[in-house]
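One structure is given below, represented as structure tokens, and several questions about it will come after.
The values are calculated or read from the model by the stated rules, or taken from the named source; none is laboratory data. On a predicted model such as this, the values are computed, not experimentally measured, just so you know. Using ideal geometry, Cβ is built from the backbone for each residue, glycine included, and neighbour counts are taken over all protein chains shown.
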Amino acid sequence: MASLTRNVFLFLGRTNVSGLGIKEITNRVTYATALFANSTSGNKGLPDRGGRGSVGRRPRREPGEPRTEKMPLDQDWTSVYPSATSFKSNAVPLPVRMGYPVKRGVPPEKKGNLELLKIPNFLHLTPAAIKKHCEALKPFCTEWPSALDTDAKCDEHFPIKVESTDYVCAGPSVRNPSARIVHLKVKLSRFNLDDHARKKMLKLVGERYCKDSDILSITTDSCPLRQQNYEYAKYLLTVLYHESWKIEAWEAEKTAADMEEYSWEDSLSQKNMLDTLLRMKVAGEGEDAEVRKQLLEREDVQDYKDSVVRLKNEGASESSMLQYKEAVRKVFNV
Amino acid sequence: MAAPCRHVGHHIKRNGRFLRINLDQLFASRGLRWTSALQQQGEEVHEESKEPIVIPRKKSWSSEAVLEALASTVHRDPTAYPYQFQDDPYLSPRTSSEFKLFSLSQESGRAAAKYFVSNNPKFFTKDFAEPHIPCLMPESVTLRLEEVSEEALKERITLRKVSAAVEMYDQLLQAGTSVSMETTQELLDLICLYCDKNPVQEGAPEVEDAEEAGEETKRRKPKGRRAADHLRTSWKENNNAERIFNLLPEKDSRCYSALIRGMVKHGAYSKAFSLYTDLLNNRLSADVHTFNALISAVPDVRDKFNERWDLITELLNQMNEQKVRPNLLTFNSVLKALRRCGFLAKTYAPQTLNEMKALGIAPSLATYDHILAVFYKSGSSGPNNTDIIQDMLTELEGTSFTCRDPHDVYFFSSAMRICLDSKDLELGYKVHSLVEVGDNWRLLGDSYQQSVYYGRFFSLLCMMEHIDVVLKWYSRIIPSLYYPNPQGMRDLLQALDTDGRLDLLPTIWKDIKTLGHDNKVDLVEELLSLMAREEHSPEVQESFAACALDVKSVFDGRSSMEWSTSSLSHVTTLLLRANKLQQAWDMLLLFKAKNRVPSEVLLNNFLSVCQSSGAPKRAVELVQLAAAFCLPATPVLAKTALAEFQLTDEQRSILSEFEAAPEKETE
């Protein structure tokens, strides 16, 4: 009976192919009739999901209990999860729950839980496993030189630190493009740089320098191989050093806006201060330039200079404002 | 690595002098250290440090060494399913037949995939793997050369197309071109290896029907093996190999060798020997493989033990004369032939071993297996001298083996058989510890051999060991390594019985169901009888009753399983002991349905339980049932019921009827 309906379906389908306009409607009709016919043809074709069925049919396969039931308490967990695999709910004997809670209920259980599968797990790296791995990897290591027992000594003898990562992956290809990246870190204080060289280096390097820790870090990943990136990083370091020592002709055109820090000499603040002081001392003492120099050497003027420099360089903070206030009061004897 | 650094260091050092001049003012306070900005790695002795810094030399290792070291930290997980299957309880095999089915279907899927890839290479040109994996790329299976030439013949030989190769050869001969000796030899090798038939491929298998197998093959059938016999080929008279061989103008020893080995492989033993005499007459010398084949064929051409041994010695002497050096397989074939030489074996096997030692050939597991077979006949009971196997195991302790002979895989199961026969547990543990050394587990053979080995080991344990140890081994090897057969389960039940751990029976029943042995009626009956034999504590009784109900549902579910009187009464007793009156009553009705008669004891039991749970109506029904069965105990039952129960008048009248009834009959 089912086969007859199928033939009918096919026949109808073929005749309607030519009529483009009504095709969709009639196709739906044929689909509907086929479905209807199938459902009336009885249980023969469709598998009976719930019941046992007649004698002679294979009984429904039981899902079986998860193997966590059989796991002894003192088993070797590192053998159950030897490498990074996704979360297997029938192998992990923990009653974890994860996910958004069901309405007025709890998060769903671990069986068939997709959320637990999506997140990375570290079941293969329990402390016991790490201990075992370390023991196994010890033969590959050489011993540490005894003379380098403090961090400071290491920094002193080996100031350049090069870092790169190796990746292991079980996939069609063992290559990983991220393995070519090389980071080179060095402290700028180890370099022989005078004031100009240091400023120029910092300008050249820009964001790669961290002021707090005084570390210059160069990261290279433009070449396809790690060896090439390493050599490029070293080349960059060398070039930076030498370039920062060279003084180009156009560097003389450095304006006040290019300066890294504020200097009080020949600044508006100095001019203003001296003008104010001169006007205060009405009694003319001599020539302008000499008076100015004398004024400059006064201690309170020096204090004022320090406070202004500090304000401009470090920004406005509680203590710097206080210092400025004190300096101004001293200068004007307020 | 050090070189570029040194280069940089040099660079700085060269400028260092220049720098020093400019820097003293600014950096004077910092000391001498900063004059050379970057130092070379390692080789300098610093003025300020006290000791020299010694950088050790970097170690080198192979590319997989780290992974192998990490892998050595991991051992077998006893609860895990075999690694090739999905790690899910629904999807992994539960019985040994399922295991075979699943692994074969996996292999079949792989073969189908390989077939598609090889037959449509134009769709599989992109190579994702880095580094290149050759076995995943499509391999050429179709012939490219169609013209009649030696190249085409060579191609057919490499692609193992036997009939096409023979055809091509005939065409070449007809055309008059001479084929080089080497190609002819390869062709002969090919034909003899496959016995003139194309090797079975993914397409329609060309199965040779077993009726054509001659008497010789029938005699040589190994005991108890399965369908491989159907595929055993037989050497037909005057087939292509012989024909081509006879057509050859000059036959050299390699051609003879191919023919002889092919004949021995496919059962034409006497022909092989006649061909060998031919070879001797032509004053050629055979190579070691030919001799190995001939020695293994000796028991099939001679019947008497001493004749066999004489022929073997003759062959060995000829080998010596022809200056052919024997190898491991030679001695293994000698020992294998000796196995069929009866009492002579015990004299000559040790001599063979000495010869091996003299030549410096280390024995393989197959050698040891043959020796065990010679000295320990299977099935012989009585005090067997286990000295030989003890010495053997002590010598082999801790050794790691590789497979050097196809017969190596039989060693462990025969050793375990001997341990089982002599009921020696220590010996069994020794054998098993040898299996656990390194990669020796690979030498346990295919799944059938493995199941034989573990089956014997488990029976030995059940027989001789304390139940706790047995259960420990049970959880370790079942079902990850071994699916026990009904005999194994029976052994386990006996062990539980001996050590009085019958409370574990419900869990064992669950395992029996998972293993698919719940359709074995005698096993189930034995389980039931063990459960019903004695009274136990209430919790145990409860679990037994639940188990009994489960058994009942299994019986009901299968039409092939028949209830017997004993199983019915056991189930009823168990239910009664747990005071499940309603279910017990259903069981009694089942008695009626299956035409079995309940025993008197059972009915008395039922009555007493009725009394303790206070169900007088049931008691009346019971007496009625007993009457329906026409049991002689009916009046006794009726009397007891009347006496002990609180009954209504109606019930009393019914019962008194039964009290009287049989007396009427005897009249």
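Checking B:ALA112 against (1) among the aliphatic types (A, V, I, L, M); (2) surrounded by 14 or more Cβ atoms within 10 Å (Cβ to Cβ); (3) farther than 30 Å from B:LYS513 by Cβ, only one condition comes out false. Which one?
Condition not satisfied by B:ALA112: (2).
Kindly state which helices (runs of 4 or more DSSP H) lie completely within the stretch A:275-334 and contain at least 1 residues that are among the hydrophobic types (A, V, I, L, M, F, W, C) and modelled with pLDDT of 80 or more.
A:299-314, A:318-332
Please work out which residue is surrounded by the fewest Cβ atoms within 10 Å (Cβ to Cβ), limiting yourself to the stretch B:534-572 and to residues that are of a type in the set (Asp, Glu) and either within 14 Å of chain A (Cβ to nearest Cβ) or touching a His at 6+ places or on another chain (Cβ under 8 Å) (or both).
B:ASP556
Here is a further query. Among the candidates A:THR165, A:THR255, single out the residue that is surrounded by fewer than 14 Cβ atoms within 10 Å (Cβ to Cβ), more than 14 Å from chain B (Cβ to nearest Cβ), of a type in the set (Val, Ile, Thr) and farther than 30 Å from B:ASP127 by Cα.
A:THR255
Another question about this same structure. Please verify whether A:LYS132 is charged (D, E, K, R), surrounded by 13 or more Cβ atoms within 10 Å (Cβ to Cβ), under 30 Å from B:VAL66 (Cα atoms) and touching a residue at least 12 places away in the same chain (Cβ under 8 Å), treating the condition exactly as stated.
Spelling it out, A:LYS132 is indeed charged (D, E, K, R), surrounded by 13 or more Cβ atoms within 10 Å (Cβ to Cβ), under 30 Å from B:VAL66 (Cα atoms) and touching a residue at least 12 places away in the same chain (Cβ under 8 Å).
For the stretch B:558-667, give me every one of the helices (runs of 4 or more DSSP H) that falls completely inside it and has 2 or more residues that are closer than 23 Å to B:SER529 by Cα, touching a residue at least 40 places away in the same chain (Cβ under 8 Å) and not charged (D, E, K, R).
B:565-577
Every residue in the stretch A:115-148 that is in a loop (DSSP other than H, G, I, E, B) and at the interface with another protein chain (Cβ under 10 Å from one of its Cβ atoms), please.
Within the stretch A:115-148, A:CYS141, A:THR142, A:GLU143, A:TRP144, A:PRO145, A:SER146, A:ALA147, A:LEU148 qualify.
Matching residues to (1) surrounded by fewer than 18 Cβ atoms within 10 Å (Cβ to Cβ); (2) of a type in the set (A, V, I, L, M); (3) at negative phi:
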position: B:MET263; (1), (2), (3): no, yes, yes
position: B:ALA268; (1), (2), (3): no, yes, yes
position: B:ASN281; (1), (2), (3): yes, no, yes
position: B:ASP287; (1), (2), (3): yes, no, yes
position: B:ASN292; (1), (2), (3): no, no, yes
position: B:ALA297; (1), (2), (3): no, yes, yes
position: B:ASP303; (1), (2), (3): yes, no, yes
position: B:TRP309; (1), (2), (3): no, no, yes
position: B:LEU315; (1), (2), (3): no, yes, yes
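Based on what the data block shows, is A:SER267 of a type outside the set (Asp, Glu) and under 23 Å from A:HIS196 (Cβ atoms)?
yes
If we keep just the residues of the stretch B:135-150 that are surrounded by fewer than 13 Cβ atoms within 10 Å (Cβ to Cβ) and away from chain A (no Cβ under 14 Å), which is farthest from B:THR183 (Cα to Cα)?
Within the stretch B:135-150, the match that is farthest from B:THR183 (Cα to Cα) is B:GLU139.
Now, a different point. Would you please list the contacts, defined by Cβ atoms under 6 Å and residues six or more apart or on different chains, that run from a residue in the stretch B:524-544 that is in a helix (DSSP H, G or I) to a residue that is aromatic (Phe, Trp, Tyr)?
B:MET531/B:PHE544
Now a separate question. Is it the case, given these coordinates, that A:TRP250 is more than 30 Å from B:HIS132 (Cβ to Cβ), in contact (Cβ under 8 Å) with a residue 12 or more places away in the chain and more than 24 Å from the chain's Cα centre (by Cα)?
Spelling it out, it is not the case that A:TRP250 is more than 30 Å from B:HIS132 (Cβ to Cβ), in contact (Cβ under 8 Å) with a residue 12 or more places away in the chain and more than 24 Å from the chain's Cα centre (by Cα).
Being away from every other protein chain (no Cβ under 14 Å), crowded, with 23+ Cβ neighbours inside 10 Å, more than 35 Å from the chain's Cα centre (by Cα) and within 23 Å of B:THR507 (Cβ to Cβ) is the requirement here; does B:LEU575 meet it?
yes
Looking at the stretch B:92-120 only, could you name the residues that are of a type in the set (S, T, N, Q), away from chain A (no Cβ under 14 Å) and touching a residue at least 24 places away in the same chain (Cβ under 8 Å)?
Selection gives B:SER96, B:SER103.
Quick one: in the stretch A:168-193, which of the residues that are in contact (Cβ under 8 Å) with a residue 12 or more places away in the chain and within 8 Å of another protein chain (Cβ to nearest Cβ) is surrounded by the fewest Cβ atoms within 10 Å (Cβ to Cβ)?
Once the filter is applied, the top-ranked residue is A:ARG190.
Kindly evaluate A:GLU260 against the criterion of being assigned to a helix (DSSP H, G or I), more than 26 Å from the chain's Cα centre (by Cα) and of a type in the set (Asp, Glu).
Considered against the rule, which asks whether it is assigned to a helix (DSSP H, G or I), more than 26 Å from the chain's Cα centre (by Cα) and of a type in the set (Asp, Glu), A:GLU260 comes out as no.
Then there is this: For the list (1) out of contact with any Leu (no Cβ under 6 Å at 6 or more places or on another chain); (2) closer than 29 Å to B:LYS100 by Cβ; (3) without any contact (Cβ under 8 Å) to a residue 60 or more places away in the chain, I need the number of the one condition that B:LEU420 fails.
Just one mismatch for B:LEU420, condition (1).
OK, next. Across the stretch A:214-230, what is the number of residues that are in a helix (DSSP H, G or I) and buried (at least 16 other Cβ atoms within 10 Å of the Cβ)?
Selection size over the stretch A:214-230: 3.
Exactly one condition in (1) at pLDDT 90 or above; (2) within 9 Å of chain B (Cβ to nearest Cβ) is not met by A:PRO108; state its number.
Every listed condition holds for A:PRO108 apart from (2).
Note down all Cβ pairs under 9 Å where the first residue falls in the stretch B:330-347 and is at positive phi, the second is among the hydrophobic types (A, V, I, L, M, F, W, C), and they're at least six residues apart or on different chains.
Note: pairs meeting the criteria are B:GLY342/B:PHE305.
Same structure, new question: Residue under question is B:GLY398, and the condition is that it be touching a residue at least 12 places away in the same chain (Cβ under 8 Å) and either hydrophobic (A, V, I, L, M, F, W, C) or buried (at least 18 other Cβ atoms within 10 Å of the Cβ) (or both); does it hold?
no
I need a count of the residues in the stretch B:60-70 that are facing chain A (nearest Cβ under 8 Å) and either surrounded by 15 or more Cβ atoms within 10 Å (Cβ to Cβ) or in a helix (DSSP H, G or I) (or both).
5
Additional query: Could you check the stretch A:149-162 and list, in sequence order, the residues that are away from chain B (no Cβ under 11 Å) and among the charged types (D, E, K, R)?
Those that are away from chain B (no Cβ under 11 Å) and among the charged types (D, E, K, R): A:ASP151, A:ASP155, A:LYS161.
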